1. Taking only region B:540-558 into account, find how many residues are touching a residue at least 12 places away in the same chain (Cβ under 8 Å) and more than 7 Å from chain A (Cβ to nearest Cβ).
2. Mind checking which pairs have a first residue in region A:358-374 that is touching a residue at least 12 places away in the same chain (Cβ under 8 Å) and at negative phi and a second that is among the hydroxyl-bearing types (Ser, Thr, Tyr) and not in a helix (DSSP H, G or I), Cβ under 7 Å, 6 or more apart or different chains?
3. Only one of A:Leu424, A:Leu400 is more than 25 Å from the chain's Cα centre (by Cα), at pLDDT 95 or above and not assigned by TED's automatic domain parsing to the domain that holds A:Ala503. Can you tell me which?
4. Within region A:77-129, work out how many residues are closer than 29 Å to A:Val171 by Cα, surrounded by fewer than 24 Cβ atoms within 10 Å (Cβ to Cβ) and of a type in the set (A, V, I, L, M, F, W, C).
5. Go through region B:449-557 and tell me which strands (runs of 3 or more DSSP E), entirely inside it, have 1 or more residues that are over 19 Å from the mean Cα position of the chain (by Cα).
6. Tally up the residues in region B:182-212 that are free of Cβ contacts under 8 Å to residues at least 60 places away in the same chain and closer than 22 Å to A:Thr140 by Cβ, please.
7. From B:Ile355, B:Ile325, which residue is over 27 Å from B:Ile96 (Cβ atoms) and either of a type in the set (A, V, I, L, M) or buried (at least 24 other Cβ atoms within 10 Å of the Cβ) (or both)?
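The values are calculated or read from the model by the stated rules, or taken from the named source; none is laboratory data. No experiment lies behind these values; they were computed from the predicted model shown. Here the Cβ positions follow ideal geometry from the backbone for every residue, glycine too, while neighbour counts run over all protein chains shown.
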Protein chains: 2
Amino acid sequence: MNANSVKSDIEIAQAATMKPIMEIGEKVGLMPDDLELFGKYKAKLSNEALSRINRNENGKVILVTAINPTPAGEGKSTVTVGLGDALNRLGKNAMIAMREPSLGPTMGVKGGATGGGYAQVLPMEDINLHFTGDIHAITTANNALAALIDNHLQQGNELKIDQRRIVWKRVLDLNDRALRKVIIGLGGPVQGVPREDGFDITVASEVMAVLCLANDLQDLKKKLGKMVIAYNIDRQPVTVSDLGAEGALALLLKEAVKPNIVQTLEHTPALIHGGPFANIAHGCNSVIATKAAAKLADYVVTEAGFGADLGAEKFLHIKARSAGIKPEAVVIVATVRALKMHGGLRKDQLATEDIEALTTGFANLKKHVETIESFGLPFVVAINRFVHDTDNELKVLSALCDQYQIPYAMTEVWEHGGEGGILLAEKVLKLIDNKQSNFEALYNIKDSLEEKINAIAKKVYGAGQVDFTAKARKQMQDFTAQGWSSLPICMAKTQYSLSDDPAKLGRPEDFSITIRELKPSIGAGFIVALTGDVMTMPGLPKAPAAMKMDVDENGNAIGLF
Amino acid sequence: MNANSVKSDIEIAQAATMKPIMEIGEKVGLMPDDLELFGKYKAKLSNEALSRINRNENGKVILVTAINPTPAGEGKSTVTVGLGDALNRLGKNAMIAMREPSLGPTMGVKGGATGGGYAQVLPMEDINLHFTGDIHAITTANNALAALIDNHLQQGNELKIDQRRIVWKRVLDLNDRALRKVIIGLGGPVQGVPREDGFDITVASEVMAVLCLANDLQDLKKKLGKMVIAYNIDRQPVTVSDLGAEGALALLLKEAVKPNIVQTLEHTPALIHGGPFANIAHGCNSVIATKAAAKLADYVVTEAGFGADLGAEKFLHIKARSAGIKPEAVVIVATVRALKMHGGLRKDQLATEDIEALTTGFANLKKHVETIESFGLPFVVAINRFVHDTDNELKVLSALCDQYQIPYAMTEVWEHGGEGGILLAEKVLKLIDNKQSNFEALYNIKDSLEEKINAIAKKVYGAGQVDFTAKARKQMQDFTAQGWSSLPICMAKTQYSLSDDPAKLGRPEDFSITIRELKPSIGAGFIVALTGDVMTMPGLPKAPAAMKMDVDENGNAIGLF
């Protein structure tokens, strides 16, 4: 491929011809009245449609996960889209269920979360900008709650909230480091009660996690009511229900809770809905979207954030368990480039063939394969080809897979769309037909918090030992006393390493992991275990992506990607 | 009318049957492809539609304004809607152009800005909640700019911004007093540069004013580029263009800049778009919406915020001038209740007949009548009937109007919708047919800032004298040196009084008004003159309206109004 002829993602997206979303919906049995249109190419599924399709049979859920991410990129979203397209090319009725992107990283450095090359969801511009407003509604609900809390302090503090122990933070869907630590309420008695506060990015809000784990609007309201916002002067938790605000929050979210339908470049229907952080939260699109896709299609391809140690583990222990979703197969995405980084290369060394680095780095893939096996799930590795991969490297990687009897398929979805995912799709279909999914959690939900954390760290990460700080031990006691010990764990750990040290690539062994602190997300229904400082409000780089963005006279985006 | 049989606004709205917005659009020549749907009952006008209708003739613009508002309510939005409906009942092709409501006041105390009773725009729930996301896009653009400014400081501050003189504030579309004065950037060198900051409500953002005064997307971008964000260490203004962010901001606003079409209870098409604060900004819906409505309909009924001293003055001197809109007639809304308050009664005394208070309070209406006359505009007073007005009171008010040869009409639009506005509509039509609009500004745009402020204070408010603080005098010098003196003035004054003292109701005379400070809104294209502390971030009351809000099992709003 000639580098000059390579089109950018946005060029490919803008050159594409979309079909009206009504037509896309019809393919999976959605009538015009089932769709609440946002322009011609985006829609929300109506509450009536969601109720009606609930009577349908469940399609089969295929989870796409990956090795630990590196700066080389592995293309998990791209494979997710390409696999959906490939399944449709093979005559199957397939849908995709993905997260919606956050504007903060888009304006910063990241690029979109809508796939890439010829495996994208459209309209890419809209999805990467405001889409159907879901994240704005979450920002609003989160901050309306914050305003109500501070107003409660101002108006007499009937609930006896300890203003030093308010845990509810404000959010913006932006990268804005200057808001990480702030003091609010300055200016005298009529301007509020002064206190320390901070802003997170919206996708780190518990409201986002709650929306993504809710089964419907009423369940959403119930979960919102359970969110802990502060502790009172007796150190007892104060919830949204105590404040009486869950009705208003649910009202603000009544449209956001409906899943969004769009299409891929090849007109495969895709539900894009919800996008919680994959560290402080569980990193998967909404339960409502995944379940709706399974009711509409025979095969649903969905992804989870980061590598299998974080995303797949949380998909399985948190989302799948709470929603009763049973995945039939798992795709583990790996690239030669990323494995070479796991084998010790720097990003600027990736253009050169390096069999040794590849072979060393393969250990990272192997660990994730073992993890998925331990969940009792059939799987296939997708070797996602990049332009500079040499035939020799690909041959060696295939041989390594063969050596360990790891099923694999080459994909070229970035360059060839669904056609580049046919081999993978055929493998996945064969897997589903021939291999029973015996999904089993790696811990019993009734285990103690410590036991559950140990199970994840040892079985999924390969840690030899788990250390708890005194603070974390005290919190485990307190949370157990509160009756919260039967919730699943949501680990907050670096995505770059199986360990809690982002520099340890490949497959670190016999390491110990430290649990510094716990955080209750009672509304979402999990206990976050933090292994280090987790960034919940990113910063902008020296040259933010926003500086290249513009809009032409016809209203088309420029420089979005 | 039996009080028990009175339905709430939301009950009336939810019981209404809307027509598909495509059908509403067809009435004024909009084809299905001209509309970008948001569900069945809301749409944005496409860029193509806006370009095409630009070739149409201009319809006649009717401005609805009012006496100084009181807690008794005057019903300006309700009359605007009712008049539009009445014109259609009389066989005319009429449209309405109104502001979109802000969520902050909705969650606080205020109630909707979508009319009331049987003169409402629909879908009322959606319009009062997230509508089509315009205000969220403005929040995002405003705060993306703030993040870019703080990132510029963090990354070396090439523009030499004086961090004590950053004038760009962050915003949220909420009432949140604790954010009025904050310190940001705490936590050490990687968490930003510490500085004083504050949040406004989104509708007070200059981005909102810019969007409402832009003629199209490219004009929007140009105006965004001119916004002053800070002063550098040489005390020179730093603009969005200096930072290079106007492209990204325009991109974030490319959908928000398109006007929204909805319908009234009687299926009159209404463009609802933009809603800047009426104190720190100019308080009118967007130029794009008013102009589009004038291209689509023969008659456009539009309103401006607060009383004629603020809203109409700014509509005429800022919006109409910059957009080249020439109103053909003005409706001045007054109520017996509000005039009685201007005559000295308290809110709890309004149920009793009081001719003396009414007669005294009439002076307020008379002053606004004189102001509109001085602009050379034909006008009619709408006496908006309330249930408790006595026949005697209405007779006295009519007699007062007759005595001063003030044309008037009774309206009962809240109770009877368009039918209740027929008398008014007939008067307005007669006025337009028989009386020439000789619109002339009350000052020359080339006058000095001081002369322009004097003209407004003396001619519109009736002030005897204008005092400038030393700071304001210094700013007038500086702004003139910057080349900003040929911009119009946007007065920030209490809406409750013609003077700068909210307690002085009725028609205060020989008062002096103090200009404390000026604020340049160079993007929007006006200089704000502040006569006192202007609240740009409201607070919540002891019992916020949000606490009564909820959503039922079918996703319908409860307790919204």
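1. Count: 3.
2. The qualifying pairs are A:Lys366/A:Tyr404.
3. Working: A:Leu424 fails: more than 25 Å from the chain's Cα centre (by Cα).
From the options A:Leu424, A:Leu400, the qualifying one is A:Leu400.
4. Residues meeting the conditions: 3.
5. B:465-468, B:512-515, B:517-521
6. Total satisfying the criteria: 3.
7. Matching residue, one of B:Ile355, B:Ile325: B:Ile355.
Results for (1) modelled with pLDDT under 95; (2) crowded, with 21+ Cβ neighbours inside 10 Å; (3) within 30 Å of A:Tyr118 (Cα to Cα), shown as yes or no for each residue.
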residue	(1), (2), (3)
A:Asn364	no, yes, yes
A:Val381	no, yes, yes
A:Asn392	no, no, yes
A:Ala463	no, yes, no
